[in-house]
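Q: One structure is given below, represented as structure tokens, and several questions about it will come after.
The values are calculated or read from the model by the stated rules, or taken from the named source; none is laboratory data. As the structure is a computational prediction, the values presented were derived from the model and not from experiment. Here the Cβ positions follow ideal geometry from the backbone for every residue, glycine too, while neighbour counts run over all protein chains shown.
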Amino acid sequence: MLKCKLTALSQLLVGAGREYPYIDADIQAIRLCRADGSLIPYIPASSLKGVFRATAERIAREKFEVCNVFSNSCGKEFSRELREKEEKGEDVEPLIKKLCKVCQVFGSLGFESPVRFSNAMPLLSPEMDPESLIDTQTMISIDRNGRANPRTLEYIKPGTSFQFTISFKTKAEDWMVGLLLKVIEMINQEKVQIGGQKTRGYGWCKIEILNLREDERGRCLEAWDRLQK
Ligand SMILES: [Zn+2]
């Protein structure tokens with residue numbers, strides 16, 4: 001399991017529509033309801049996984065063929081065979097190896113992702129009001145008829161830190177962790193943004209891994225670099 005700390009370097013928009021009627025913003029920060037009824041802004045696991053997968057595709061395409069999960073998922077070809085083998089209790093490993101590298105890590109049609117992301121929850125001291133992490137900005141867009149169209153959106157303030165984990169259902173192979181590390185490198189090199197309003201410079205982040213030794217890191221990155229078709 002990788003324990004990660006994500007810090008927003010710019011405004012971060014992880015938003016939904018008008019979910020809370022008492023909040024005056026057209027795009028509202030996604031909040032999680034805690035046991036005590038209070039709301040806390042967070043980055044959903046699905047958003048993180050989406051960014052990681054899309055970035056992993058960019059990285060993997062430099063060396064390998066990578067399918068398009070939406071139009072032509074490589075799992076399509078094997079999903080029936082995979083299910084049949086699973087039902088018979090046969091070894092599915094050789095079949096999984098036929099999937100593209102990205103599907104092997106992030107899942108595919110008929111093949112559940114071995115990697116799990118948690119939600120990224122903000123690091124808050126108990127006396128801190130979660131709402132203090134959020135600010136609003138009004139964006140004006142001009143519609144077809146030349147009318148100004150103001151929209152207010154909520155964003156997470158720069159400097160806010162979150163914690164999340166990336167874990168594996170079974171023991172991860174080194175190259176898989178290596179690919180995730182490459183994704184994190186891309187994010188840290190400011191080649192990838194998270195969330196919305198990217199063209200306005202939102203979504204730059206830094207991710208630190210809190211529990212990976214330098215030698216493990218080197219071994220995993222090397223495993224990815226060494227990987228052949
Ligand atoms: Zn694939």
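Q: Tell me, please, whether a residue that is touching a residue at least 12 places away in the same chain (Cβ under 8 Å), under 18 Å from residue 185 (Cβ atoms) and more than 16 Å from the ligand (Cβ to nearest atom) can be found in segment 28-47.
A: no
Q: Then there is this: Looking only at segment 71-99, count every residue that is within 14 Å of the ligand (Cβ to nearest atom) and of a type outside the set (Phe, Trp, Tyr) and tell me the total. Talk me through it step by step, then tell me what you get.
A: Our first condition is that a residue be within 14 Å of the ligand (Cβ to nearest atom); within segment 71-99, this holds for 71-79, 82, 95-99.
Filter once more, keeping what is of a type outside the set (Phe, Trp, Tyr): 71-77, 79, 82, 95-99.
Here the count works out to 14.
Q: Out of all the residues in segment 203-215, is one or more under 16 Å from the mean Cα position of the chain (by Cα), in a loop (DSSP other than H, G, I, E, B) and within 30 Å of residue 101 (Cβ to Cβ)?
A: Looking through segment 203-215, at least one residue is under 16 Å from the mean Cα position of the chain (by Cα), in a loop (DSSP other than H, G, I, E, B) and within 30 Å of residue 101 (Cβ to Cβ).
Q: Also: Filter segment 137-191 down to residues that are modelled with pLDDT under 95, β-branched (Val, Ile, Thr) and assigned to a strand (DSSP E or B), then give me how many there are.
A: Residues flagged as modelled with pLDDT under 95, β-branched (Val, Ile, Thr) and assigned to a strand (DSSP E or B) within segment 137-191 amount to 4.
Q: Shifting gears a bit: Just one of the numbered conditions (1) under 28 Å from residue 226 (Cα atoms); (2) loosely packed, with under 14 Cβ neighbours inside 10 Å is not true of residue 18; which one?
A: Going through the list (1) under 28 Å from residue 226 (Cα atoms); (2) loosely packed, with under 14 Cβ neighbours inside 10 Å, residue 18 breaks only (1).
Q: Another question, then. Would it be correct to say that residue 184 is touching a residue at least 60 places away in the same chain (Cβ under 8 Å) and either out of contact with any Lys or Arg (no Cβ under 9 Å at 6 or more places or on another chain) or of a type in the set (Asp, Glu) (or both)? Full working, then the answer.
A: On the way: touching a residue at least 60 places away in the same chain (Cβ under 8 Å): yes; either out of contact with any Lys or Arg (no Cβ under 9 Å at 6 or more places or on another chain) or of a type in the set (Asp, Glu) (or both): yes.
Answer is yes for this residue.
Q: Inspect segment 60-70 for any residue being at pLDDT 95 or above, more than 16 Å from the ligand (Cβ to nearest atom) and within 26 Å of the chain's Cα centre (by Cα) and give the result as yes or no.
A: No: zero hits.
Q: Confirm whether residue 159 is within 16 Å of the ligand (Cβ to nearest atom) and of a type outside the set (S, T, N, Q). Full working, then the answer.
A: Values: within 16 Å of the ligand (Cβ to nearest atom): no; of a type outside the set (S, T, N, Q): yes.
The answer is no for residue 159.
Q: Out of the residues in segment 100-155 that are small (Gly, Ala, Ser) and surrounded by 10 or more Cβ atoms within 10 Å (Cβ to Cβ), which is farthest from the ligand (Cβ to nearest atom)? Can you show your working first?
A: To start, the set of residues in segment 100-155 that are small (Gly, Ala, Ser) comprises 107-108, 110, 113, 118, 120, 125, 132, 141, 146, 148.
Narrowing the set further to residues that are surrounded by 10 or more Cβ atoms within 10 Å (Cβ to Cβ) leaves 107-108, 110, 113, 118, 120, 132.
On the way: 107: 9, 108: 5, 110: 11, 113: 11, 118: 24, 120: 26, 132: 42 Å.
Top of the filtered list is 132.
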